1. Skipping prolines and chain starts, which residues have an amide H placed within reach, meaning under 5 Å, of the one on Ala189, given they are 5 or more residues away or on another chain?
2. How big is the accessible area of Asp30 in square angstrom, nearest 10, if you roll a 1.4 angstrom probe over the protein chains?
3. Cα gyration tensor of segment 76-161, axes a ≥ b ≥ c as square roots of the eigenvalues: rounded (a/c below 1.5), prolate (a/b > b/c) or oblate?
4. How large is ³J(HN,Hα) for each residue in segment 66-72, as worked out from phi by the Karplus curve 6.51 cos²θ - 1.76 cosθ + 1.60 (θ = phi - 60°), to whole Hz, x for Gly and Pro?
5. In whole Hz and in residue order, list the ³J(HN,Hα) couplings for segment 6-20 that follow from phi through the Karplus curve 6.51 cos²θ - 1.76 cosθ + 1.60, θ = phi - 60°; x for Gly and Pro.
6. Please calculate the 1.4 Å probe accessible area of Trp13, with all protein chains present, and give it to the nearest 10 Å².
7. Report the rotationally averaged projected area of segment 31-183 based on its alpha-carbon convex hull, in square nanometres.
8. Among the lysines in segment 1-149, how many pairs, 8 or more places apart or on different chains, have alpha carbons under 30 Å apart?
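The values are calculated or read from the model by the stated rules, or taken from the named source; none is laboratory data. Values in this document were obtained by computation on a predicted structure and should not be read as measured data. These area figures cover heavy atoms from the full protein model, side chains too; ligands, DNA and RNA do not enter into them. Shrake-Rupley method; radii C 1.70, N 1.55, O 1.52, S 1.80 Å.
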Amino acid sequence: MNANDYPEFVTLWTQVCEVYGKPPSDGALDLMFNALKRFDLEAIKQALTAHVNDTQHGDFVPKPADIVRHIEGDGDTRALSAWAKVEDAIRRVGPYQTVVFDDPRAMAAIEEMGGWIKLCDVTDRDLPFKGNEFKKRYQAYISRPPERHPSKLLGMSEATNAGEHQEFVPEPRLIGNPQRCLAVMKQGAEAQPGINRLSDALDGVAGRLTSKSEVA
């Protein structure tokens, strides 16, 4: 939503709250709008209708968390969806390209797990275990958003050329909604992985690639 949607949002939210006999204050409306402005007004309309008909939560006045749950799903669903996107990128993009996901929670979780290169080095056998670790970290960030996240997750090409030949480094691969990816880049901290950790990750991937070549 944008500022032009505010009057319609106020009318809509007030009408729903009147169903519960608790009209919101102006301050509460401002707070609700700012908390939900990342969503389209139409999506909020649908979510409010779903809340009113929700047999589990619909007895209570809607809160932003109720709207987010109806739009994005509960914590388990959101974490599972986020991992599906990451797993697909591991298989399609691989460790060479630097990537940016459209979700700062995913960016922070992957950084905590050692970074993109290390995550891509996981075997098919161990991938489900990494998926469980990612989902736990991601779910923790749903209620407590990360205080920081990297602006990008370095791939091997950019990592090995860090500090030199930057003109040959391709643009990051955007995973998901391009506009949201750019927002994540703009809001994120500069990617500066530890030298030893990055070196270990590069060595690990290089070792696996060599082994595969020898087997072939």
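1. Answer set, sorted by chain and number: His149, Ser151.
2. Number for this one is 70 Å².
3. Verdict is oblate for segment 76-161.
4. Karplus values, whole Hz, x for Gly and Pro: 5, 5, 4, 4, 6, 7, 9.
5. 4, x, 5, 4, 4, 4, 4, 5, 5, 4, 5, 5, 5, 4, 8
6. 0 Å²
7. Result: a mean projected hull area of 10.7 nm².
8. Here the count comes out as 21.
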